[in-house]
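K.L.:
I have a structure here, written as structure tokens, and I will follow up with some questions on it.
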Amino acid sequence: MLQNSGLRIGEILSLKIKDVEFLHDSIDATEIHEGKTKHSWISFFTEETANHLEDYIASTHGDLVQDENWRINSDAPLFPISKRSVQQAFQKTSEMTGIEINPHLLRTVFTEKCTKAGIKDKHIDAFCGRTPKGVLAKHYSDYSVESLRE
């Protein structure tokens with residue numbers, strides 16, 4: 001999710017199961033992070049990540065059912081793990097492999113892949129939560145899930 005979405009580690013760990021929608025493979029992070037300069041928005045994940053997520057949710061919350069939009073209406077945390085635990089796992093993996101990797105690096109990789117794919121900067125910024133609400137309200141850009149997915 002960190003590598004596919006452009007979201008920050010704290011935003012990923014704040015997601016609830018209901019924030020994930022499998023119809024468009026999207027994440028609604030609009031209620032997760034809101035500040036003067038940063039605002040979480042809508043982001044997406046790959047089909048491969050969707051498959052892993054569906055398996056993960058089924059194994060941890062098998063009794064939950066998707067609605068017509070392929071969303072599971074649950075306030076349960078998507079990933080009930082601490083930020084420190086994730087950071088320690090990245091550090092341990094880096095030491096084992098000899099390859100320095102951390103959550104922020106995955107966010108950078110996401111941004112670079114989007115740039116190479118020709119995605120407009122304003123959309124990359126929206127995915128990564130770098131577009132304040134005031135800017136969104138003032139401009140006539142289409143930030144709908146369908147438009148951003150395209």
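K.L.:
For the pairs Lys18/Lys83; Lys92/Lys120; Lys92/Lys113; Lys18/Lys122, note any where the Cα-Cα span goes beyond 28 Å.
P.N.:
Correct reply: Lys92/Lys120.
K.L.:
Asp55 versus Ala89, label points 7 Å from Cα toward the beta carbon: distance in nm?
P.N.:
1.4 nm
Laboratory data are not the source of any read-out in this text; all were calculated from the coordinates shown. Note that the structure is predicted; figures quoted are calculated from it, not measured. Backbone-built Cβ (ideal geometry, glycine too); neighbour counts: all protein chains shown.
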